[in-house]
Structures are given as structure tokens and as C-alpha cells.
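Accompanying notes for the structure given below.
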Amino acid sequence: MARGKLADLLFLVCLLIGVISVVQFIFIPKMQSSTEDVHRYRGRWFDTEKTGKVPFGPIKTLNTSDLDTRSSAVGFAYPASEFFTVWHEDSVPRVNGKLREKKKIVVWGDGEEWDETISSPCRPDVPPCDITLDTGQSEGADAVVFYYSRTPNVFNSRSMPKRYPHQYWIFFSDEAPLYPAMRAHDFASYNGVFNMTMTYRLDSDVPALYGSTAIVHNKLNGKDRRHSEEDYSVGKKGLAVWFVSNCYKYLPRFAFAKELLKHMDLDIFGKCGKDIVCPEKGYDCSDSIIKQYKFYLAFESYHCREYITEKFWRNALENEAVPIVLGPPKCDYEQIAPPNSFIHVDDFESPEDLAAYLKRLDKDKELYNQYLKWRALPIPTESIFSDFGSAWCRLCKKLHDVDTTERKVYTDIDGWLKGKNNEKCEPVIFLDYTDPRNNVRFGYNFTPL
């Protein structure tokens, strides 16, 4: 009897050992293989000399000990957007092994092009940064900013600097996706390259707008009339003016302008109209002309969401003219413009209706002045992403505030720029820009000033 029980016990022990051996045979190699795959995957993407791209994927940096002990320590990437991926991992070590109190930003491109763009020192509440045009310092940089025109049309790692894991690579553009130089880029080839965006759109990681209400107020400092009953029409000799030099006739603005000319006085200067005769051509010359008109046509070349350029901010508002806007939807203007400061063409059934309204404002001072009463309002307190210059301060602050365990990469930068179905911009017919037959020139019939 005793021998039978002992035999049964030995059988059970052997069976248990066999089960354990089978489990180890099946699962442990797969777990080890998974660990190796993770490091191969990450190592392949971190081999920046070959790819120049950042690692992205559903795996957080895992410790082998976590896997060996069957712990539940798993990482993840969450689809914060269909265009980029964000995930958390251990802080990436710097090249010099330590974090600096002052961040270094390298601007990749032509130094002469950037001299007037990079701002002077930021406000006192913004942590310090060194912004340099010396691309030789890219190794130790916290961020490298790439202006789109200084990158290859198709991504080529040999034309880019060596990439370091701790760095943020930032895409910077002030142009609409339909702009010729932008269209020449195969941005799909840049998927996996950039960590941040810096553009005119508010959903950029670092918004870099063409202007702001606060900046306009500051530019008008000393000229602003702080009386709500001021007559802003005093000194205005002409009705409406337009400076335009991109004369490609298939841009939507020209069909509208041609129709508008049939119903009102509109003086057109620049390559598409009357050449300016000034001692020195430039903003000083155009500014002196615009100030003599009540309205300025701030017609954008391309109708792209949030694409609101210097035509609105500098040419119109800073020269004390009411902008007539054609471009993105009215709601895009309303979220950044001074209140009741512009007239959007979408509010009218036709150019003829708009012309009738402008002629009515020309004769009604009280109604006209409603569009300039914002100048009597208190100067708004705005964040530092007001324009191109202060965008560098915004970037500096972001580099100081960023969570060092968070990683982000644009997996579809092309889709982010254009929209998944190219819905960010209204389509345009594209033919040869250099062919004179595809360009328009307006005749001369100008208001005597």
C-alpha cells in the first residue's frame, strides 16, 4: 500500500515538472524574443546616421527585469492625433550628460535669411535660451529648427544634421501648403522626422502668427486716439487700395477683384497694377500711400485655414485702414483679430453688394468709425505667441516646460499640413507661373491723392 502511494506521488511530481518545462519552452523564448525585438526596433530608429528619424511606436522603454519577472510594466503610445503620436519613456540622456539651465536652439538654414526674424531677448518671465544660426553647434542643441525651404524636397538624411536622441526637431513654415515651394516638397517623406511644428496655425506646437491685436496697438502707440468718438476718416482721400505683386490670374482673389472694380473705385499698386514711384521702394513708401485710404484689400493668395498674413496685420491695421478680407473663413479671423475690425467678403452675396456697402460707409462717418473703435479699447494682455519674433520666446518657454519623459513625433506631417483629404485649403488651378498669359495686370485709373 505504501509503495503504491509513493509511486502515485512520484508520478504527480514528474507530471508537474513536465508541465513547467512545457510552459517555459513555449513562453519564455517568446518573451525574450519580444525583448530583443523591442531593442532592435528602437535601435534601428535611433540609428540616425541612416534614417535621421525619431523612434515611434507602441512600446515604452522596458527593463528586461520587468519582463523576466512577468511584471505588468508595459508602455504605450496613445493616438493623440491621426497625424502624430505621443508616448512616455525614460528621459533620454543628453550628449554632455547633463541638462542646462539655458536651452540652446539652432536654426538650420541661411543665416542672412534669419537675421531679421529672430527676436531680441524675451520677457523677464521667459527662461533664458541661446538662439544661434551656427549650425556647427547642433550637436549640443536642445532643439533644431528647420525652415521648410532649407530642407530637401524629398527627405534625405545626408542633407540633414546628425540627430541626437535628446533633441527636438521642429518644422517651421510661414507659407500655406499651396505655396509653390511648399507644393514642391514631398512632406510624406518627412513622416517620423519632426517632433514639433511652428506655423501660423494655432494648433501648432509653437504658434507663429503674422501679427496680433497687442502688437498692432504697440505699433500705433503715440498715434492711437483713445477717444471712442474720434473720427478716424479724417485725412482719408481715397476709398480703397490694394498692393499686390503675385499676379497669377487663377488665384481666386483676382476674379473677385475684377468684379469689384466694376462697381467702385479701387486703386491697385504693385506688379499687378501701378508701379510705385518712390525715392526708396519698401514699406515706408507703401505705408504712406495706404494711410490715405479708408479700406485696404487684404486678399490672401490662398484660401487656407488660419492663413492670415501681413496683408491683414501690417498692410491694413497698422496703417489705420479697415481691412476687406478674403481668405480663410470668418471664424478664423474672429479668434485673433481686434473686435469688429474687418469686413469679410463672405458676408455679402456678391462683389457688387460689397461695393455698395463700402460706398455707404464712405458717406456715413459714424458707421465707418464703428470698425475702428477697437483702437479706443484697453490694450489686451496676450500670451507670447503673438507673431514670428515672439514665437522664438514661445519655443524657448516650451523647451523649459516640456515633460522630459514625453516623446512626440509627427507620423503624418503631410496630412497635418494639408488635411487628411486636403481640406485645409481650397483648390487652385496650377499652370506655369512664369508664362505672361497666366498673369493679370490692371489698368490705371487712380484717385488723385
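The values are calculated or read from the model by the stated rules, or taken from the named source; none is laboratory data. Note that the structure is a prediction, hence the values are computed from the model and not measured. Virtual Cβ from ideal backbone geometry, glycine too; neighbours counted across all protein chains shown.
Each row is one residue, and each column tells you yes or no for (1) assigned by TED's automatic domain parsing to the domain that holds Phe256; (2) small (Gly, Ala, Ser); (3) surrounded by fewer than 19 Cβ atoms within 10 Å (Cβ to Cβ).
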residue	(1), (2), (3)
Glu320	yes, no, no
Pro323	yes, no, no
Lys330	yes, no, yes
Ala337	yes, yes, no
Phe342	yes, no, no
Val345	yes, no, no
Glu352	yes, no, yes
Lys365	yes, no, yes
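Restricted to the range 407-442, and to residues that are β-branched (Val, Ile, Thr) and in contact with a helix residue (DSSP H, G or I) (Cβ under 6 Å, 6 or more places away or on another chain), which residue is farthest from Phe146 (Cα to Cα)? Give the steps one after another, and end with the answer.
Within the range 407-442, the subset β-branched (Val, Ile, Thr) is 409, 411, 413, 428-429, 434, 440.
Then keep just the ones that are in contact with a helix residue (DSSP H, G or I) (Cβ under 6 Å, 6 or more places away or on another chain); that gives 413, 440.
Working: Ile413: 14, Val440: 34 Å.
Checking each candidate, the answer is Val440.
The residues of the range 246-272 that are more than 29 Å from Lys363 (Cβ to Cβ) and outside any loop (DSSP other than H, G, I, E, B), listed by number, are Tyr248, Pro252. Search the range 411-438 for residues being charged (D, E, K, R) and at pLDDT 95 or above, and hand back the single one that is nearest to Cys247 (Cα to Cα). My answer is Glu426. For first residues located in the range 306-322 and over 13 Å from Asp174 (Cβ atoms), partners that are part of a helix (DSSP H, G or I) and lie 6+ apart or on another chain with Cβ distances below 6 Å form the pairs Leu317/Val216; Glu318/Val216; Glu318/Lys219; Asn319/Asp287; Asn319/Ile290; Ala321/Ile290; Val322/Tyr371.
Taking the condition of being crowded, with 17+ Cβ neighbours inside 10 Å and within 17 Å of Lys294 (Cα to Cα), how many residues in the range 237-256 meet it? Of the residues in the range 237-256, 6 are crowded, with 17+ Cβ neighbours inside 10 Å and within 17 Å of Lys294 (Cα to Cα). For the range 221-231, check the following and say yes or no: at least one residue is assigned by TED's automatic domain parsing to the domain that holds Ala356 and at pLDDT 90 or above. There is at least one residue in the range 221-231 that is assigned by TED's automatic domain parsing to the domain that holds Ala356 and at pLDDT 90 or above.
Any chance you could count how many residues in the range 343-357 are part of a helix (DSSP H, G or I) and in contact (Cβ under 8 Å) with a residue 12 or more places away in the chain?
Quick first cut of the range 343-357, residues part of a helix (DSSP H, G or I) only: 345-347, 351-357.
In the following step, the residues that additionally are in contact (Cβ under 8 Å) with a residue 12 or more places away in the chain were identified as 345-347, 351-352, 354-357.
Of the residues in the range 343-357, 9 are part of a helix (DSSP H, G or I) and in contact (Cβ under 8 Å) with a residue 12 or more places away in the chain.
Does Tyr357 qualify as being among the hydroxyl-bearing types (Ser, Thr, Tyr), at pLDDT 95 or above and assigned by TED's automatic domain parsing to the domain that holds Gln335? Criteria met by Tyr357. How many residues are in contact with a Gly (Cβ under 9 Å, 6 or more places away or on another chain) and surrounded by 22 or more Cβ atoms within 10 Å (Cβ to Cβ) if we restrict to the range 307-317? Qualifying residue count for the region: 6.
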